[in-house]
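Please treat every number below as a calculation from the coordinates, not as lab data. Quick caveat, the model's predicted, so the values are computed rather than measured. Counting neighbours? That spans all protein chains shown, and the Cβs are built from the backbone with ideal geometry, glycine included.
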Amino acid sequence: MRALRVNRSAVERRAATIPTRRTVKKEWQAAWLLRAITCIDLTTLQGDDTTGNVLRLCAKARRPVRHDLIEALGAADLGIKVGAVCVYHAFVSAAVKALEGSGIPVAAVSTGFPAGLNPLPQRVDEIRASVAAGAREIDVVITRAYALTGDWEALYDEIRAFRDACGQAHMKVILGTGDLATLGNVARASQVAMMAGADFIKTSTGKEPLNATLPVGVVMTRQIRDYAERTGHTVGFKPAGGIRKAKQALDWLILIKEELGDRWLRNDLFRLGASALLTDIERQLEHFVTGRYSAAHRHPMV
Amino acid sequence: MTTVSEIFKTMAYGPAPESDKPALEWLERHGRAFGVFVGGRWTKGKNGDAFDVINPATTAPLARVTQAGQADVDAAVAAARKALPAWSALPGHARARHLYALARAVQKHARLLAVLESLDNGKSIRETRDLDIPLVARHFYHHAGWAQLAQSEFAGYGPVGVVGQIVPWNFPLLMVAWKVAPALAAGNTVVLKPAEFTPLTALCLAELAHEAGLPAGVLNVVTGDGRTGELIVNHRDVDKIAFTGSTEVGRIIRKATAGSGKKLSLELGGKSPFIVFDDADLDSVVEGVVDAIWFNQGQVCCAGSRLLVHEGMADRLVAKLRARMEKLRVGPSLDKAIDMGAIVAPVQLERIRTLVSRGVEEGATLWQPSWACPTDGYFYPPTLFTNVSPAATIAQVEIFGPVLVTMTFRTPAEAVELANNTPYGLAASVWTENVNLALDVAPKIKAGVVWINCTNLFDAASGFGGYRESGFGREGGKEGMWEYLQQTRNAARGTRNKRRAPVPRSDFRVPRSNQVPPIDRTYKLFIGGAQVRPDQGYSRKILAPSGTLLGEVADGNRKDIRNAVEAAHAAAAWAHTSGHARGQILYYIAENLAVRAAEFAGLVGAMAGQGEASVREEVEAAVARLFSYAAWADKYDGAVHQTPIRGVTLAMNEPIGVMGIACPDEHPLLGLVSLVAPAVAVGNTVIVVPSETQPLAATELYTVLEASDVPAGVINIITGAKDALAKVLAEHDDVDAVWYFGNQAAGAEVERASAGNMKRTWVEWDPRDWMESEGREFLRQATQVKNIWIPYGE
């Protein structure tokens, strides 16, 4: 684990040139943005969340783009909907009910989100409770201290415990990369999470000072690639936090296509943790359809 | 028509073209035909010859351009000469304003230049937009700064005069900026010839510069092929030639300018190593390779074209590289989503194909990605060779295309050996996460630029240029400015303390007396720290001007030179001796010389036919000079350049290596000390050819050197026919530099002969004031700057 090398300057250079080496325009951009929508974990994780705004989120998840735009794009038969709805445990039941029949899974953030420092039994119980309430995906947070102090065995054991508690539910392991200090730590934590059974590795809670950045994405996707080459297991990737613009979503898709390949461009292996992003994508889609720049208020709010 | 729905399923990339409209409109405004830009205006070519410039990505003609002939070049040089007095007399601040305006003009028209460059060269719009053109502006900004600071930072120095500049087609406008910006900053005027394949952006820049208010004649652009270049190189009224291009042409230019007095800087070819140690971040290495050899279609003089990888991880790296190559995209140069565009011209494409076939014939394993290149332009796919030995043609010659050869090494020492196993020495890239290893290896590689965990980074603040047959001179940074400057007191040189060398004579007289005769003194050669007999047992008589026989010295020949060069190489550890230790030895030489000052004054006086008292000053000056370079030995520091990376760019003053020094006749002791002391102070080992007619101070110096702990082989002295021995040194391919102070004809011979391995030369035939000849000028001549880029950050 400690022998894992990441050269920050070189990674940053790669990250900086991914968006300059590739771009998609016109039909390609529209199609890619629709793909981005299907990969969104539409999320609300606020202290002032209520059942009301969670239900609104669920309704938007089912119909993420105005129907006239979908028609104009010739995409009606694609059944565009978001990848999942992501909420705190308290709203899992309400969301599951609201999404019944849509095929959209509910994801719950868990294990003492966002700091992850509650007693381990409580964190494990929290997972079980969310799974029992109908969450099919669990976003767990790691104890960053284990990564910062290099206690990789402890980190492994912790994630194993989460894995067992998740049962059939998909486990996304949030590394809290903004807290991990170095890209080397990000790489090591990624490897440990995958070894311990993560279905996805995820960058951030959205609550750290630094969220999903492309350099972090480069490092994590390279670990996923490496893990797949070594073991044959494909693990998914989820950047989250600070992704608000359609352009950012395209950059992430390009990064995935370049570093991991087309297989990862589907929502079983790629998710974008976001909420405001969807509105910006809708505006860009409307621009593609009409040729005129759009406004946020023309699209049903998230 | 591809539908949104289909793309949603395939997630393929689509076309993303940059518009060529504004660039084509600019061409149309000129009627798609260009004259030369001379004296601030467009002029029709005098002989009416012209040729087509082609877009290599489509093979469509872009414009018709003048093949400038003698009359055009004459007019351009005359315009530059006419503009020179006023331009060079401008205060630095005024020239700074002009260069600043040029930088702004480039930025204001950045996209036009980027698109035009991409059309003309075939390189991707991403590169011209993100790298070429921003760097062009950066160079003008940076050198606006040098113009501003010239009076204080280069006090005592002024412009060289009219500069002829010949640039290649791989970075057409960037190379123009690298050449023009420092030349103008220093107060020179320019006659520029862009490459015949890619002249359009240079022409556009000339127009922009004129619109930005640059005085007429300061920047003249003539177009044409090598014939036009030849006219510039051979033009009698050009004071300096700056050339970037192949080593082959560089050699021709070196020979052509020999003995002309033209200052020369050459940035030539390379076969740069890209070294990967076993603790490197391999995924980052892969991207590094992409930036090294698949940047600009591999048409980069400093391209990392030899991948040297630790044997234990070669298979893993090659597998990763192949996977990466599958994802590279080759396409029309104006597509914003490609990695590689077109090869510049059919002749270059053919060269690549020929060399690749040669590689296959010689048994190397070829690998290319499964996808196919477009066929409507001059495209070539990224190519990887494995199972390559150093003996393979593709491992030795510069391919100048997207072709990488891979070799393996076992140890860091072997990596360095492989890296240096080339006549070139332009750049190197070293990948390791171990700072000890990186900083150990970087100084050992013979290259002007070493990139640690990065590659192909350029900046105006950092000098760029080669070792060995990759040329000499630097572009960028303070070290680059010297190429366009000369001492303003040159004209006054030789007016004070001028002493003529006595005229040699053939008749001689042996002093006879009835006293007890002096004991015979036999002067041998000084090689490898020992006094050795010459290869052939001949001696030369040394006479005083009066004809009195003063003694006989060994008549050294080419085999003696050969032996001395070997001894000098064997003393290579001198370069790694600390400055403190080198300084101590120089002080010790001074001490031992001072003890025998009267004796040396007597010798020098006798050879010059003057009394001891009149030459005592020269001996004292020699002692003081040794002190000066003893002082410099631990003080000639490099620099940390302010390049735009998170990291440091270290400009290290490195010794050139083994140097031949042919000393002036007019000051047989002081001249020798003035040249040898700076050379050895910075770590070179030297073969000294003393004054032919007055060598006795040098031969007597053997015992001083022996008494002063000078390591064997650091200073070797060969007496004999100076000009002939200097030529042998200049022809020797294992000598890295030759200094010659003597007559013009022999100086020309030295310069001409130096083309064999493109060794650096310093040749002077105008008399010089040796009492005043000391300091940084000599240290600069004795060193070459290596820039080591070290990005950091965990």
* **Distant-in-sequence amide H partners of residue A:136 (H built 1.01 Å from N, under 5 Å)** => A:106
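Pairs B:240/B:559; A:26/A:257; B:82/B:123; B:123/B:320: which are spaced more than 27 Å apart, C-alpha to C-alpha?
Over 27 Å Cα-Cα: B:240/B:559; B:82/B:123.
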* Asked: log₁₀ I(q)/I(0) of the stretch A:29-95 at q = 0.23, 0.28 Å⁻¹, via Debye over equal Cα point scatterers, no solvent, to two decimals?
  -> -0.92, -1.18
* **Unit charges on C-beta of K, R, D, E only; dipole of the protein assembly as shown, Debye** => 1940
* Structure fact -> For residue B:190, the residues 5 or more places away or on another chain with a placed amide H closer than 5 Å to its own amide H are B:163, B:219, B:220
* Using only Cα atoms, locate the centre of the stretch A:182-205 and the centre of the stretch B:698-770, then give the distance between them in Å, rounded to an integer. => 63
* Structure fact -> For the stretch B:336-341, Karplus-derived ³J(HN,Hα) couplings (6.51, -1.76, 1.60; θ = phi - 60°; whole Hz; x for glycine and proline) come out as 7, 10, 10, 9, 10, x
* Structure fact -> Projecting the Cα atoms of A:120, A:176, A:216 onto the charge dipole of chain A, where Lys and Arg contribute +1 and Asp and Glu -1 at Cβ, the residue farthest towards the positive end is A:216
* In debye to the nearest 20, how big a dipole does the stretch B:272-465 give about its Cα centre with +1 on each Lys and Arg Cβ and -1 on each Asp and Glu Cβ? -> 360
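Taking only DSSP H segments of four or more residues, each worth -39500 (n - 2.57), what value at 222 nm results for chain B once the sum is divided by all its residues, to the nearest 500 deg cm²/dmol?
-12000 deg cm²/dmol
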* If only Cα atoms are counted, what is the Rg of the stretch B:272-465, and what is its Dmax, in Å? -> 15.8, 49
* Over all residues in A:15-22, what is the mean tally of Cβ atoms on other chains that come within 10 Å of each residue's Cβ? -> 4
* Compute the signed sum of charges (Lys and Arg +1, Asp and Glu -1) over the other residues within less than 13 Å, Cβ to Cβ, of residue B:782. => 0
* Asked: What is the gain in length, in nm to one decimal, between residue A:210 and residue A:160 on full extension, counting 0.36 nm per residue of separation less the C-alpha to C-alpha distance?
  -> 15.3 nm
* **Among B:784, B:740, B:757 the positive-end extreme of the charge dipole of chain B (Cβ point charges)** => B:740
* Nearby lysines by direct alpha-carbon distance to residue A:172 (threshold 16 angstrom, same-chain neighbours under 8 apart not counted) -> A:202, A:238
* 5 Å binning of all Cα-Cα separations within the stretch A:25-298, expressed as whole percents from 0 upward -> 1, 6, 14, 17, 19, 17, 13, 7, 4, 2, 0, 0
* Treating the Cα atoms of the protein assembly as shown as identical point scatterers in vacuum, please give the log10 of the normalised Debye intensity I(q)/I(0) at q = 0.04, 0.06 Å⁻¹, two decimals. => -0.27, -0.57
* Enter the Cα centre distance for the pair the stretch B:631-674 and the stretch B:26-63, rounded to the nearest angstrom. => 45
* Structure fact -> Along principal axes, largest first, the alpha-carbon spread of chain B in whole Å comes out as 115, 62, 45
* Structure fact -> Expected sort for B:294, B:789, B:371 with the fewest Cβ neighbours (10 Å cutoff) up front is B:371, B:294, B:789
* If you average the sequence gap of Cα pairs under 8 Å that are 6 or more apart and divide by the length of the stretch B:349-503, what percent do you get for the contact order? -> 14
* Report the trypsin sites (Lys or Arg not before Pro) located in the stretch A:270-302 that are in a DSSP loop and have at most 14 other Cβ atoms inside 10 Å of their Cβ, or state none. => A:292
* Average partner coverage of A:24-37, which counts Cβ from other chains inside 10 Å -> 6
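How large is the dipole of the stretch A:25-298 about the Cα centre if only Lys and Arg carry +1 and Asp and Glu carry -1, each at its Cβ, rounded to the nearest 20 debye?
Working: 34 positive and 30 negative charges, 142 e Å.
Using only the charged Cβ atoms, the result is roughly 680 debye.
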* Can you run phi through the Karplus equation (6.51, -1.76, 1.60; θ = phi - 60°) for the stretch B:632-649 and list ³J(HN,Hα) in whole Hz, with x for Gly and Pro? -> 5, 3, 10, 10, 7, 6, x, 9, 10, 7, 8, 8, x, 10, 7, x, 10, 10
* Structure fact -> Once amide hydrogens are built 1.01 Å from N within the peptide plane, the residues lying 5 or more places from residue A:86 or on another chain with amide H under 5 Å from its amide H are A:42, A:43, A:44, A:107
* trypsin sites (Lys or Arg not before Pro) restricted to the stretch B:595-644 and DSSP loop, no more than 13 other C-beta within 10 Å -> B:635
* **chain B, relative contact order in percent, only Cα pairs under 8 angstrom and at least six apart counted** => 12
* Asked: So for the protein assembly as shown, taking the charge dipole from beta-carbon charges (+1 Lys/Arg, -1 Asp/Glu), which of B:716, A:43, A:67 sits furthest toward the positive end?
  -> A:67
* In sequence order, what are the phi-derived ³J(HN,Hα) couplings for the stretch B:718-735 according to the Karplus relation 6.51 cos²θ - 1.76 cosθ + 1.60 with θ = phi - 60°, rounded to whole Hz, with x for glycine and proline? -> 10, 8, x, 6, 4, 5, 5, 5, 4, 5, 4, 4, 5, 7, 6, 6, 10, 9
* Asked: Taking only the alpha carbons of the stretch A:241-288, what extent do you get along each of the three principal axes, in Å, biggest first?
  -> 28, 24, 16
* Asked: For the stretch B:34-268, what percent of Cα pairs sit more than 21 Å apart?
  -> 52
